[in-house]
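FYI, it's all coordinate maths here, none of it is from the lab. None of the values given here were measured: they were computed from a predicted structure. Because the Cβ atoms are built from the backbone with ideal geometry, glycine has one as well, and the counts that use them run over all protein chains shown.
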């Protein structure tokens, strides 16, 4: 139990800015295993984000409430996944060979593609969540939590089926890239489906259908990464999380409106 607690806290330390005990270190093995708790980290981020939105909506407009929620989530994670998404936009937007794409993504500077990509992504995330204000507070809360858990299990699936392509042992995602075993994948799946079932139980079983577009988007992203660079990098995982979060919000809204 203590070992699993250490692995979980390693995930919290690696993927958020939440302070952890000093005995939680950057052990590569624990960082690799911590991917199993990535959806649980999504719970934490989703609860904070959703909590801010629910409290704020009693005072402010839907738009302001969502912007406050997004701000809280970015502060909590240090824009960890957003940074990866921006790097992928720059790399795949400006590079035409594997070597060039990887070189651009490694550059810490953000280019035009990254800036435009982030603006559009965050704008879509905010706008579609505002449209979800038509539902009750409990449903909205679980939609937000589910969007963060579902989107965080998708990078775990990518790790399980693709190979890490950077040869630089100093890369920040290198410990994560050692692969995902069946046990870790199962644990990640369990933490993912719990909020989805709570949402389906409260608002309707058809909402489970919203996961299908997310899996489809992950498949095409993984295929795209494999085609151009032969696998994935840490930035690709961040981009996968961000894109599938928005896809899940869109698909949930569509199910609510038309099915």
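For the reader, a short list of remarks on this structure follows.
- Approximating the spin labels as points 7 Å out from Cα along Cα→Cβ, the residue 25-to-residue 160 distance works out to 3.1 nm.
- Exposure proxy order (Cβ contacts within 10 Å, fewest to most) of 164, 248: 164, 248
- With contacts taken as Cα pairs under 8 Å and at least 6 residues apart, segment 1-159 reaches a relative contact order of 30 percent.
- Among 148, 202, 26, the ranking by other beta carbons within 10 Å of each residue's beta carbon, starting with the fewest, stands as 26, 202, 148.
- For segment 43-114: relative contact order, % (alpha-carbon pairs under 8 angstrom, 6 or more apart): 25
- Intensity falloff of segment 35-258 expressed as log10 I(q)/I(0), Debye formula with alpha-carbon point scatterers, at q = 0.10, 0.13 Å⁻¹: -0.43, -0.73
- 0 to 90° range, to nearest 10: angle between helix 2-15 axis and the chain longest Cα axis: 90
- Cβ crowding within 10 Å, taken as a proxy for footprinting-reagent exposure, orders 154, 13 from fewest neighbours to most as 13, 154.
- Computed [θ] at 222 nm, deg cm²/dmol, the chain (DSSP H ≥ 4; -39,500 (n - 2.57); rounded to nearest 500): -24500 deg cm²/dmol
- Across segment 35-258, Cα pairs under 8 Å and at least six residues apart give a relative contact order of 32 percent.
- With a simple spin-label model that places each label point 7 Å from the Cα along the Cα-to-Cβ direction, the separation between residue 61 and residue 110 comes to 2.4 nm.
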